[in-house]
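Note sheet for the following structure.
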Amino acid sequence: VALFIANPNGKDHWKWILTFLTIILRLSLLQPLFLALLLAACATVVHRRMPKFFSEGHPGLHFQVQLPVAQDKVKDLASRSVSVADLLHFWEKIAEKMPHFDE
């Protein structure tokens, strides 16, 4: 499709394919790899300059590691669930409990 749209002549055919493959390679491999290396280097610099940042947080950024008590409460809240049967039962009863619901 790209060759049809570009309509290159015979001499420029290989140049078009090489340019197209270079762009695909750059977008799919080189840019994500470069970004990953840049982010890893930034994380390494932050870790070396402020070693307690990842363990204690930073109050200026409103990022602080929570106390174990708070972590337990977060785990408790995250583990709550509703079964599909309970949800369907609730949906059946909602019209009785709240007649104005779907008006």
Quiz item: From the backbone phi of region 86-94, what are the Karplus-calculated ³J(HN,Hα) couplings (6.51 cos²θ - 1.76 cosθ + 1.60, θ = phi - 60°) in whole Hz, Gly and Pro given as x?
Solution: 5, 5, 5, 4, 4, 5, 5, 8, 5
Quiz prompt | Residues whose placed amide H lies under 5 Å from that of GLY57, excluding near-sequence neighbours | solution = VAL65
Quiz item: Using 15 Å as the cut-off for backbone N distance, which residues of region 9-27 belong to the label zone defined by a point 7 Å from the Cα of LEU37 along Cα→Cβ?
Solution: 26-27
Quiz prompt | Gyration tensor (alpha-carbon) shape descriptor, region 19-103, a/c threshold 1.5 | solution = oblate
Exercise. With a 10 Å radius around each residue's Cβ, average the other Cβ atoms per peptide and rank 71-84, 26-39, highest first.
Key: 26-39, 71-84
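Each reported figure results from applying straightforward, stated rules to the coordinates on display, with no laboratory input. Source: prediction; values computed, not measured. Note that we place each Cβ from the backbone using ideal geometry, even for glycine, and neighbour counts take in every protein chain shown.
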